[in-house]
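Following: one structure in structure tokens, then a few remarks.
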Amino acid sequence: MSENVNKYIKRKVYKKTSSRIAQKFVDAGLQEIRACINCGTCTGSCPSGRRTAYRTRSAIRRALTGDESVLKDIDIWLCSTCYYCYERCPRNIPVTDMIIKLRNIAVEEGYILDSHFVLANNIFYATGHGVPATGENNKKWRDLRESYGLPPLPPTVHSYPEAVKECQELMKAVGFKKLMDNAAKLKEERAKAEKKDKEE
Amino acid sequence: MSEDYKWHYGFFLGCVIPNRYPMIEASIRSVFDHLGAEMLDLPGASCCPAPGVFRAFHIPTWLVIAARNISIAEEIGVNPITGCNGCYGTLRDAWYELEHEYELKKEVNEYLAKIGRTYKGNLEPKHVVQALYLDMGLDHLKDYIKFTFSDLKIAVHYGCHIVKPSDKRPWDGEYEVPRFLDEIVELTGAKSVDYKDKYMCCGAGGAVRTAVKEVAADFTREKLMNIREVGADIIINCCPFCHLQLDLGQVEVNNFYADIIGEPFNIPVIYITQLLGVAFGMDPNLLGLIKNHELTGVSPFISIDPFLNIIKNQLI
Ligand code: SF4
Ligand code: SF4
């Protein structure tokens with residue numbers, strides 16, 4: 001992407017938003033959504049939008065106009081990544097991938113649900129599995145494995161403690177740990193501010 | 001690698017298969033062995049990491065951990081294979097990205113160097129169903145069929161990431177109405193019944209289940225109603241997360257939406273290799289179909305007895 005095009009996107013498209021967020025949208029490669037003609041094929045294909053207030057087209061539109069609210073509300077987390085919009089968009093926008101990128105920016109800004117935070121920080125980072133079988137609570141799953149003639153723990157990170165360390169080392173190096181710590185901090189600050197607002 | 005086998009794969013287990021639905025692991029191992037395919041372990045493999053969850057939190061983490069997982073298979077010299085659509089999505093999309101972006105691959109390898117690993121990218125990640133259909137082929141599978149189930153009506157559920165994004169999948173761009181899983185199912189003589197929005201998502205993916213369980217369950221409710229409408233006896237699928245959502249999620253649908261679904265649902269959910277195994281005349285104990293324990297609160301949450309009843313004459 002040439003310098004000029006970058007300037008154009010920021011000036012024309014992200015004019016009204018804070019340049020910090022606009023820069024993030026540009027850096028993430030979200031300029032592809034400039035090809036959007038607002039046709040609604042994505043929304044029309046979306047199994048999530050059929051039962052929730054999530055509208056794919058609107059999320060794309062808000063990202064395009066640099067509307068920060070798209071990062072804050074839960075909508076983008078209701079996409080099940082079924083890829084129908086990605087397949088059917090007549091402008092060839094990889095819509096689902098754009099939603100994923102928006103989620104990345106949301107997490108960076110501290111907009112991550114509690115349940116997702118626990119999953120990322122306390123489960124995935126700690127064990128190397130997203131759904132682990134270790135710990136007292138999970139004994140029944142180890143027993144279940146054995147009942148089918150399998151060893152109680154699979155030959156994954158669960159059987160190789162040094163592999164968990166490898167994953168953690170990678171996650172630290174690539175910035176995952178920092179991202180999570182930062183998200184936790186931002187969440188806490190926001191919660192405090194909200195509480196204060198309520199009290200006043 | 002053993003020369004007794006015609007095919008060799010590195011079995012990438014993921015999380016849900018080994019840690020929540022071990023009957024699926026048992027059935028994949030047994031059926032592949034039976035068909036002449038060796039399943040080698042990938043020691044120390046981690047979560048893929050899940051494409052709609054961890055990739056949605058941080059793309060670079062997703063890519064680096066996925067590359068590490070693939071590198072374990074490369075070390076052994078076999079294609080990684082998974083029975084999970086989510087793991088397939090991750091391994092395949094990461095592989096595709098790294099194949100097409102040299103700079104990215106270089107960067108990923110700089111990280112992997114820190115733990116003494118390298119990602120080469122010469123081995124395509126595969127799905128269990130892809131191996132059955134494209135590597136072995138229907139003719140090979142047909143040779144093993146001992147029993148057929150002409151009374152059995154099956155609702156086939158593909159899930160999303162086995163076919164989409166279609167530009168990164170091996171099905172010649174077909175994503176609207178794929179047939180490969182139906183064709184495998186039909187080898188067993190069972191009827192794959194058509195139902196409304198057959199290719200719709202189960203609702204669990206993309207971190208939705210963890211975000212709002214009721215929303216995920218509402219996808220599932222719609223699917224289950226459409227499946228019941230056509231009188232299917234069982235659901236066949238090829239993904240443990242869909243499997244969980246259709247099985248455990250069925251209980252949730254019965255709770256959350258009791259007022260709109262009428263009768264509670266109790267449709268057995270069976271993984272494709274479990275069905276194939278019975279048709280091959282294999283011991284149902286090897287296929288994770290027989291309960292040998294007194295544990296409570298474990299899978300399957302919806303009884304599979306109605307399925308075992310239909311096929312009881314063929315069970316050893
Ligand atoms: S389908 Fe593509 S072009 Fe149409 S509204 Fe959605 S993103 Fe825009
Ligand atoms: S990928 Fe997400 S936004 Fe696109 S159609 Fe599926 S659920 Fe909707």
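Here is how the numbers come out for the structure above:
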| read-out | value |
| --- | --- |
| Residue check for B:Tyr133: more than 14 Å from chain A (Cβ to nearest Cβ) and more than 16 Å from ligand 1 (Cβ to nearest atom) | yes |
| Hey, B:Asp259 more than 14 Å from every other protein chain (Cβ to nearest Cβ) and open to solvent by 20 Å² or more (accessible area, probe 1.4 Å) or not | yes |
| Test for A:Gly110: is it under 15 Å from the mean Cα position of the chain (by Cα), of a type in the set (Gly, Ala, Ser) and away from ligand 2 (no atom under 14 Å from the Cβ) | yes |
| So B:Gln274, is it modelled with pLDDT of 95 or more and touching a Leu at 6+ places or on another chain (Cβ under 6 Å) | yes |
| Test: B:Cys15 is among the hydrophobic types (A, V, I, L, M, F, W, C), within 14 Å of the chain's Cα centre (by Cα) and more than 23 Å from B:Ile184 (Cβ to Cβ) | yes |
| Hey, B:His293 surrounded by fewer than 14 Cβ atoms within 10 Å (Cβ to Cβ) and at pLDDT 95 or above or not | yes |
| Hits in the range A:43-79 - residues which are at the interface with another protein chain (Cβ under 10 Å from one of its Cβ atoms), under 25 Å from A:Ile21 (Cα atoms) and within 11 Å of ligand 2 (Cβ to nearest atom) | A:Tyr54, A:Ile76, A:Trp77, A:Leu78, A:Cys79 |
| Odd one out for B:Leu275, checked against (1) assigned to a helix (DSSP H, G or I); (2) over 18 Å from the mean Cα position of the chain (by Cα) | (2) |
| Single condition A:Ala126 does not satisfy, out of (1) buried (at least 19 other Cβ atoms within 10 Å of the Cβ); (2) at pLDDT 95 or above; (3) more than 9 Å from chain B (Cβ to nearest Cβ) | (1) |
| Positions within the range B:27-58 being open to solvent by 10 Å² or more (accessible area, probe 1.4 Å) and closer than 17 Å to A:Ala133 by Cα, in sequence order | B:Pro43, B:Ala50 |
| Output for the range A:15-52, where each listed residue is open to solvent by 60 Å² or more (accessible area, probe 1.4 Å) and either at pLDDT 80 or above or hydroxyl-bearing (Ser, Thr, Tyr) (or both) | A:Ser19, A:Glu32, A:Arg34, A:Ile37, A:Cys39, A:Gly44, A:Arg50 |
| Yes/no for B:Lys114 being over 27 Å from A:Cys46 (Cβ atoms) and either in contact (Cβ under 8 Å) with a residue 40 or more places away in the chain or within 14 Å of chain A (Cβ to nearest Cβ) (or both) | yes |
| The one condition in (1) within 7 Å of another protein chain (Cβ to nearest Cβ); (2) open to solvent by less than 80 Å² (accessible area, probe 1.4 Å) that A:Glu169 fails to fulfil | (2) |
| Strands (runs of 3 or more DSSP E) contained in the range B:1-85 and holding at least 2 residues of a type in the set (A, V, I, L, M) and within 24 Å of B:Asn237 (Cα to Cα) | B:37-41 |
| From the options B:Ala211, B:Ala207, B:Ala155, B:Ala217, residue that is small (Gly, Ala, Ser), in contact (Cβ under 8 Å) with a residue 24 or more places away in the chain and at the interface with chain A (Cβ under 9 Å from one of its Cβ atoms) | B:Ala207 |
| Contacts under 9 angstrom Cβ, first residue in the range B:61-87 being within 11 Å of chain A (Cβ to nearest Cβ), partner part of a strand (DSSP E or B) and among the aliphatic types (A, V, I, L, M), 6 or more apart | B:Arg68/B:Ala45; B:Asn69/B:Ala45; B:Ile72/B:Ala45 |
| Residue ranges of helices (runs of 4 or more DSSP H) in the range A:36-123 with at least 1 members touching a residue at least 24 places away in the same chain (Cβ under 8 Å) and within 16 Å of ligand 1 (Cβ to nearest atom) | A:41-45, A:56-64, A:69-72, A:84-88, A:95-108 |
| Residues of the range A:132-159 that turn out to be in a helix (DSSP H, G or I), within 27 Å of the chain's Cα centre (by Cα) and hydrophobic (A, V, I, L, M, F, W, C), as a count | 1 |
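One line per residue, one yes/no per condition, for (1) over 30 Å from B:Ala73 (Cα atoms); (2) out of contact with any helix residue (DSSP H, G or I) (no Cβ under 7 Å at 6 or more places or on another chain); (3) at pLDDT below 95; (4) not assigned by TED's automatic domain parsing to the domain that holds A:Ala28:
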residue: A:Asn121; (1), (2), (3), (4): no, no, yes, yes
residue: A:Ala133; (1), (2), (3), (4): no, no, no, yes
residue: A:Leu144; (1), (2), (3), (4): no, no, no, yes
residue: A:Gly149; (1), (2), (3), (4): no, no, no, yes
residue: A:Glu162; (1), (2), (3), (4): no, yes, no, yes
residue: A:Val174; (1), (2), (3), (4): no, no, no, yes
residue: A:Ala191; (1), (2), (3), (4): yes, yes, yes, yes
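The values are calculated or read from the model by the stated rules, or taken from the named source; none is laboratory data. All values reported here derive from a predicted model rather than from experimental measurement. FYI the Cβ positions are ideal-geometry reconstructions off the backbone, even for glycines, and counts take in every protein chain you see. Ligands, DNA and RNA are stripped out before the accessible areas are found, and what is left, the full protein with its side chains, is counted by its heavy atoms. Shrake-Rupley method; radii C 1.70, N 1.55, O 1.52, S 1.80 Å.
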